[in-house]
1. Return, ordered by residue number, the residues of the range A:45-71 whose backbone nitrogen is under 17 Å from a label point located 7 Å along Cα→Cβ of residue A:2.
2. In whole Hz, what ³J(HN,Hα) sequence does the range A:40-51 give by Karplus (6.51, -1.76, 1.60; θ = phi - 60°), x for Gly and Pro?
3. How far apart, in nm, are the 7 Å Cα→Cβ label points at residue A:86 and residue B:39?
4. So what is the relative contact order of the range B:4-111, in percent, for Cα pairs below 8 Å that sit 6 or more residues apart?
5. Find how many whole Å separate the alpha carbon centroid of the range B:38-112 from the alpha carbon centroid of the range A:13-28.
6. How well do other chains shield peptide A:37-50, expressed as the mean number of their Cβ atoms within 10 Å of each residue Cβ?
7. Would you pull out the residues with amide H under 5 Å of residue B:104's amide H, same chain only if 5 or more places away, H placed 1.01 Å from N?
8. Put a dot 7 Å past each Cα toward the Cβ at residue A:41 and residue A:67; how far apart are the dots in nm?
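Coordinate-derived values only; no laboratory data. Just so you know, these numbers come straight off a predicted model, no measurement behind them. Cβ atoms come from the backbone with ideal geometry, glycine included; neighbour counts cover every protein chain shown.
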Amino acid sequence: KAGVTQTPRYLIKTRGQQVTLSCSPISGHRSVSWYQQTPGQGLQFLFEYFSETQRNKGNFPGRFSGRQFSNSRSEMNVSTLELGDSALYLCASSLLTAFTGELFFGEGSRLTVL
Amino acid sequence: AQSVTQPDIHITVSEGASLELRCNYSYGATPYLFWYVQSPGQGLQLLLKYFSGDTLVQGIKGFEAEFKRSQSSFNLRKPSVHWSDAAEYFCASQGGSEKLVFGKGTKLTVNP
């Protein structure tokens with residue numbers, strides 16, 4: 001069965017712009033989580049969506065937002081981009097909640113902010 | 001708040017040698033514990049997980065990990081490393097209703 005698909009894989013933006021990243025979970029998975037990965041901070045939890053509802057949120061500013069659609073696909077948006085937002089953004093899906101089971105990760109969307 | 005520490009940022013071993021990657025967690029009770037592996041340009045893949053029961057857990061690709069409550073550790077081991085094991089390894093913990101917390105990772109280099 002198909003894995004977690006993230007698009008786009010690579011993108012370059014400039015400061016002040018906004019970006020939308022997309023994640024299609026494994027079929028049947030209802031939970032989608034997003035993580036930011038940087039060399040300095042490692043993997044940091046952004047938020048988790050389950051059945052179109054945000055269940056948990058990490059310590060990121062309001063510029064980072066997300067949503068989940070009825071087919072479990074998820075998008076995250078970053079507005080007013082800053083240089084520090086350059087990172088690999090990873091999406092992970094799981095059958096139920098992300099916090100008690102195995103996470104299946106996509107290959108990530110690498111964002112570069114110039 | 002819970003935390004995960006991976007003391008070794010980078011480890012180099014020779015192919016065929018044994019491997020142990022260290023992981024220490026900080027949580028009031030026993031959390032769920034995980035090891036993930038990330039190959040260059042890839043997402044993370046779960047190697048193994050510990051919820052309860054037998055403290056020695058077997059995972060994929062010949063890896064195993066041992067939970068030691070007294071040391072708050074969950075070290076990953078492999079008896080004989082293959083060149084394809086070169087990757088970055090992340091330990092993670094999840095306690096109660098808190099979010100999954102990852103360590104900073106250990107990068108493994110395998111020399112021929």
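1. A:69-71
2. Ordered by residue, 3J(HN,Hα) equals x, 9, x, 8, 10, 6, 9, 6, 10, 10, 9, 6 Hz.
3. The two pseudo-label positions are separated by 2.7 nm.
4. Details: 259 pairs, mean separation 41.3, N = 108.
Relative contact order for the range B:4-111 comes out at 38 percent.
5. Comparing the Cα centres of the range A:13-28 and the range B:38-112, I get a distance of 28 Å.
6. Working: counts 6, 0, 2, 1, 1, 8, 11, 3, 5, 1, 1, 2, 0, 0.
Across the residues of A:37-50, the mean count of other-chain Cβ atoms within 10 Å is 3.
7. Distant-sequence amide H within range of residue B:104: B:6.
8. 2.4 nm
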